[in-house]
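Note sheet for the following structure.
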Amino acid sequence: MVDAPTLLPEGRPDDRRRLGYAMVATAATLFAVNGSVSKVILDSGLSSLELTQIRSTGAAVGFLAFLVVLAPARLRLDRRELLFLVIFGITGVAFVQWFYFIALDHLPVGIALLIQFMGPLFVALFARFVYRERIRRRIWLALVLCITGLSVVVEAWSGLAYSTIGITAALAAAFSLAAYILMAERERRHRDSLSLCFYGFFFAALFWAVVQPLWQFPWDALTESVSLQGNLDTYSAPIWLLIAFVILIGTMVTFALLIGALRHVSATRASILATLEPVLATIVAWLWLGQTFGATQLIGGAVVLGGIFLAQSAR
């Protein structure tokens, strides 16, 4: 998977890359803020499954409304791609959100995202062993760095400083993220980013509706107001408003930007830049929620990010 040299109608390949990088960077920034918003929602009493369900359902409805009004032709579905989109929606959309929210419920925002973002490393490994792409030897150094750095972050020598459930869920989210990136890159050759987002969230919403019927959702809880916590604990907001942010900004805008960026840069390059998210999320969590990490976690996190960068630059 390499960057296509095709020119934009009014620009050059470099223009495409710059646009792609800007889209990924914007998505990473919004995702970082979304992490702290989601943390506040989860601490209000809404479960990770419930937050995942309403996020998927809300995003599916939003994307559908947008496409019906502005581009209904994009909703056309070929039966040959139906199975792929179902798998994409469940594995690449439903699971990555659910595992991430479980991790977020048991870990600090920065730690949860740091572990999840080992997903790009799995992208490189998949490319090497499944796609049989030629990958430099530095991939193995990257793997060592990621494992070592992660061990330092969670203080494995002391029996894990953080929740085992949270760490396991974050690793599962990393695998799901890798699947999402690879499947989205493949399907973007045949389908535009908005309709791909819609079908991903649509099938994710259907999956969660089977797991937990919508009439069992605690709709009354959405009208309650909760403290914004941390350095903003003197302020409060209704849960429905926080969820609206998660759906509109933290989901629809960010996912559309990320998938749209794959028109201009490869999944490899997008994954490298997306590692901004755990860094930015840690800063946002520190400024907003007052979450801090010791020198050990900061050093381990830097090692993991170094490993992820090496893994992606090796493709």
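Among the residues of the range 42-65, what is the count of those that are part of a helix (DSSP H, G or I), in contact (Cβ under 8 Å) with a residue 60 or more places away in the chain and in contact with a helix residue (DSSP H, G or I) (Cβ under 7 Å, 6 or more places away or on another chain)?
15
Residues in the range 63-85: is at least one within 30 Å of I283 (Cβ to Cβ) and in contact with a Phe, Trp or Tyr (Cβ under 8 Å, 6 or more places away or on another chain)? If you could, list the steps in order and put the result at the bottom.
Of all residues in the range 63-85, those within 30 Å of I283 (Cβ to Cβ) come to 63.
Cutting the leftovers down to in contact with a Phe, Trp or Tyr (Cβ under 8 Å, 6 or more places away or on another chain) gives us 63.
Within the range 63-85 (the criterion being within 30 Å of I283 (Cβ to Cβ) and in contact with a Phe, Trp or Tyr (Cβ under 8 Å, 6 or more places away or on another chain)), the answer is yes, since at least one residue qualifies.
Looking only at the range 17-36, count every residue that is under 10 Å from E277 (Cβ atoms) and either small (G, A, S) or without any contact (Cβ under 8 Å) to a residue 12 or more places away in the chain (or both) and tell me the total.
Looking only at that region, the number is 5.
Only residues that are within 30 Å of L77 (Cα to Cα) and of a type in the set (V, I, T): list them for the range 196-235, please.
Passing the criteria: V210, V211.
Please list, ordered by residue number, the helices (runs of 4 or more DSSP H) wholly in the range 171-265 having 1 or more residues that are surrounded by fewer than 20 Cβ atoms within 10 Å (Cβ to Cβ), in contact with a helix residue (DSSP H, G or I) (Cβ under 9 Å, 6 or more places away or on another chain) and among the hydrophobic types (A, V, I, L, M, F, W, C).
Details: elements: 193-211, 239-247, 254-261.
It comes to 193-211, 239-247.
Read the figures in this text as sums done on the coordinates, not as results from a lab. The model shown is predicted, which means the values in this text are computed figures rather than measured ones. Reconstructed Cβ throughout: ideal geometry from the backbone, glycine too, with neighbour counts over all protein chains shown.
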